[in-house]
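Notes to accompany the following structure.
The values are calculated or read from the model by the stated rules, or taken from the named source; none is laboratory data. No experiment lies behind these values; they were computed from the predicted model shown. Here the Cβ positions follow ideal geometry from the backbone for every residue, glycine too, while neighbour counts run over all protein chains shown. For the accessible areas, the whole protein counts, side chains as well, though only heavy atoms, and no ligand, DNA or RNA atoms are used. Shrake-Rupley method; radii C 1.70, N 1.55, O 1.52, S 1.80 Å.
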Amino acid sequence: MDKFLIRGGRPLHGEIPIGGAKNSALKLLVAGLLTSERLVVSNVPRIDDIGTMRLLLAQHGVAVEDVDGTGQVLSVGGDITNTEAPYDIVSRMRASILVLGPLLATVGEARVSLPGGCAIGTRPVDLHLKGLEALGAEIKLEAGYIDARAPRGLAGARIILPFASVGATENLLMAASLAEGRTEIVNAAREPEIDDLIACLNAMGARITGEGTGTLVIDGVKTLHGAHHAVVADRIECGTYACAVGIAGGDVRLLGGRIDHLGSVVRALEEAGVEVTEDQGAMRVRRTGRLKGVDIMTEPYPGFPTDMQAQFMALFSVAEGASMITETIFENRFMHVPELNRMGARINVHGSSAIIRGVESLSGAPVMATDLRASFSLILAGLAAQGETAISRIYHLDRGYEAVERKLSGCGAIIERVAD
Ligand SMILES: CC(=O)N[C@H]1[C@@H](OP(=O)(O)OP(=O)(O)OC[C@H]2O[C@@H](n3ccc(=O)[nH]c3=O)[C@H](O)[C@@H]2O)O[C@H](CO)[C@@H](O)[C@@H]1O
Ligand SMILES: C=C(OP(=O)(O)O)C(=O)O
């Protein structure tokens with residue numbers, strides 16, 4: 001197991017390239033199950049979750065090839081030979097549940113392990129299952145597995161989601177693309193990654209309209225074909241590095257960062273005293289003065305993303321005044337709080353809200369990463385802290401961030417990966 005050693009106190013200057021979005025690339029690769037032709041996906045981030053997805057697709061008999069040897073252009077293709085998604089892969093990566101809709105739509109059956117809870121919450125999949133049942137699937141839960149069948153194929157339906165679930169919207173979109181007739185998904189998620197999946201499915205011959213509106217209309221087609229699609233820029237990676245500049249100070253251009261996908265994050269940064277501008281295909285982030293505390297609440301897009309909550313917690317821990325962060329999406333997403341407090345932060349959690357009383361400075365300490373975004377909040381704290389911070393269990397971070405130490409040290413940070 002690796003750990004990071006960070007020496008804080010240095011401002012960041014330079015450029016950081018922003019990669020393709022983890023939360024889009026994973027679903028785009030799954031979309032490859034919907035056709036026996038080749039789907040080529042470019043701008044794929046080189047992160048551990050992509051390796052796990054390749055393993056899962058291989059388990060279904062579908063090959064994922066590295067087209068040019070860079071790991072950034074992957075081609076998915078081949079016939080599905082096995083419809084089981086086993087526990088050992090699904091429990092490692094929850095996005096595995098996304099194979100359910102495509103397997104049902106193409107081969108009419110799937111056996112997918114229930115993902116169960118994870119560090120940030122219970123994360124049930126009831127909305128995925130109810131939606132697929134509305135499309136005609138017969139679903140049984142047995143021995144920890146979802147047994148789903150659609151012996152007569154899937155048929156379009158009007159589905160009203162009680163909550164705009166990202167994963168349920170994606171599973172239903174892919175299944176409905178090959179269902180007979182029209183499907184309408186009301187209260188669909190509106191995240192940019194959903195629009196990216198729709199663009200890819202439409203390039204494969206699907207007929208989907210309504211992206212970004214919350215109501216998606218899918219006219220099912222008989223087959224989908226191969227296509228080439230480039231993954232949208234990772235708004236969470238971009239927002240995370242913006243927080244790095246916010247907490248460490250300095251001036252950095254985030255290359256390829258999409259400011260238009262980060263409205264609520266940019267507003268919070270600006271309120272906190274961080275300057276954000278669009279700069280010729282990059283997002284430029286600067287901070288010279290003291291940070292100020294801000295209140296934020298996580299919400300589905302276009303609201304403030306839960307995947308940026310931990311990073312802002314670190315930022316506000318050294319801001320002037322108090323901040324309140326309310327987490328409304330996941331019930332247990334404050335595991336970074338005790339670790340930040342060990343570094344000198346003053347954070348109290350009351351139910352789904354955390355009160356952060358800003359301190360003058362943090363001090364380096366040995367801390368432990370508990371999940372993907374929490375891991376980065378500790379890096380951010382380490383960049384601002386006096387002395388050395390040692391972060392263990394960074395395998396959580398490697399799930400979703402590419403080349404963190406290279407990107408940060410390229411801008412002047414002192415960060416090193418060492419074997420634990
Ligand atoms: C791989 C991926 O893209 N992950 C993202 C995706 O996760 P994911 O797709 O799991 O997130 P959802 O939007 O589905 O979940 C949000 C909330 O709805 C609840 N829920 C969801 C489905 C369901 O059937 N029943 C139910 O109760 C969940 O427990 C959670 O509390 O969106 C989240 C919310 O933006 C992000 O934090 C994750 O990074
Ligand atoms: C929670 C996240 O991912 P996952 O849904 O894969 O757990 C995330 O990307 O912050």
Just to verify a result, which residue in the stretch 263-300, among those that are within 15 Å of ligand 2 (Cβ to nearest atom) and touching a helix residue (DSSP H, G or I) at 6+ places or on another chain (Cβ under 7 Å), is farthest from S353 (Cα to Cα)? V265
Selection count where residues are open to solvent by less than 30 Å² (accessible area, probe 1.4 Å), part of a loop (DSSP other than H, G, I, E, B), within 14 Å of ligand 1 (Cβ to nearest atom) and in contact (Cβ under 8 Å) with a residue 40 or more places away in the chain, scope the stretch 302-347: 2
Just one of the numbered conditions (1) among the hydroxyl-bearing types (S, T, Y); (2) within 16 Å of ligand 1 (Cβ to nearest atom); (3) open to solvent by 20 Å² or more (accessible area, probe 1.4 Å) is not true of S361; which one? (2)
Would you call A105 within 28 Å of D219 (Cα to Cα), in a helix (DSSP H, G or I) and within 16 Å of ligand 2 (Cβ to nearest atom)? no
Which ones in the stretch 170-223 are in contact with a strand residue (DSSP E or B) (Cβ under 7 Å, 6 or more places away or on another chain), of a type outside the set (A, V, I, L, M) and assigned to a helix (DSSP H, G or I)? S177, C200, N202
Those residues of the stretch 81-96 that are more than 15 Å from ligand 1 (Cβ to nearest atom) and part of a loop (DSSP other than H, G, I, E, B) come to a total of 4
Within the stretch 115-142, how many residues are away from ligand 2 (no atom under 15 Å from the Cβ) and either surrounded by 14 or more Cβ atoms within 10 Å (Cβ to Cβ) or basic (K, R) (or both)? 12
Residues of the stretch 124-169 being among the hydrophobic types (A, V, I, L, M, F, W, C), without any contact (Cβ under 8 Å) to a residue 40 or more places away in the chain and assigned to a helix (DSSP H, G or I), in sequence order, are L129, A134
